[in-house]
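In what follows, a structure is listed as C-alpha cells, so that the remarks can point back to it.
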Amino acid sequence: MSEPHVIARFAKNKREEVVISFDTFRGVELLDLRIYANFEDPTAAAKPTRKGISIKRALLSELIAGLELAAGTAKEGA
C-alpha cells in the first residue's frame with residue numbers, strides 16, 4: 001500500500017476522527033473512510049483503526065448518491 005492522500009478529516013468524538021483518503025492497493029485506486037484514534041496517548045498523532053471501509057475509487061459517485069439519499073431521509077425525519 002502507498003501512503004494515503006488525505007482529502008478530509010473531522011472529529012467523531014473526543015478521541016476519534018473520521019479520515020477520508022485516496023490510496024492504492026495492488027494497483028487498485030481506493031477511497032478509504034476510516035476511524036483514526038489514539039487511546040494510549042492523546043497528545044500523539046492518531047492512527048488508523050480497523051473500523052472503516054475501502055471501496056474502488058470508481059464507485060465514489062454511487063457512494064455520494066447513497067449519502068445524499070441518507071441526508072434527505074434524515075431531513076424528513078427531523
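Before moving on, here are some points about what is shown:
- The length gained by stretching the chain between Lys47 and Ile20 to full extension, at 0.36 nm per residue less their Cα-Cα distance, is 8.4 nm.
- Using the rule -39500 (n - 2.57) for each DSSP H run of four or more residues, divided by the residues of the chain, the 222 nm mean residue ellipticity is -8000 deg cm²/dmol.
- Annotation for region 1-77: chymotrypsin sites (Phe, Trp or Tyr not before Pro) lying in DSSP loop with at most 11 further Cβ atoms inside 10 Å of their Cβ are Phe39.
- Each of Leu67, Leu31 has some number of other Cβ atoms within 10 Å of its Cβ, and from fewest to most they run Leu67, Leu31.
- The fewest-to-most ranking of Lys12, Lys75 by surrounding Cβ atoms within 10 Å reads Lys75, Lys12.
- Normalised by residue number, the volume inside the convex hull of the Cα atoms of the chain is 108 Å³ per residue.
- Restricting the GluC sites (Glu not before Pro) of the chain to loop positions (DSSP other than H, G, I, E, B) with no more than 10 neighbouring Cβ atoms within 10 Å leaves Glu40.
- Residue-count net charge about Arg34 - beta-carbon cut-off 12 Å; Lys, Arg +1, Asp, Glu -1: +1
- Over region 5-77, relative contact order from alpha-carbon pairs under 8 Å, at least 6 apart, %: 21
All of the numbers you see were taken from the coordinates with simple rules; none came from a lab. A quick note: this is a predicted structure, and the numbers were derived from the prediction, not measured. As a convention, Cβ positions derive from the backbone with ideal geometry for all residues, glycine included, and neighbour counts pool all protein chains shown.
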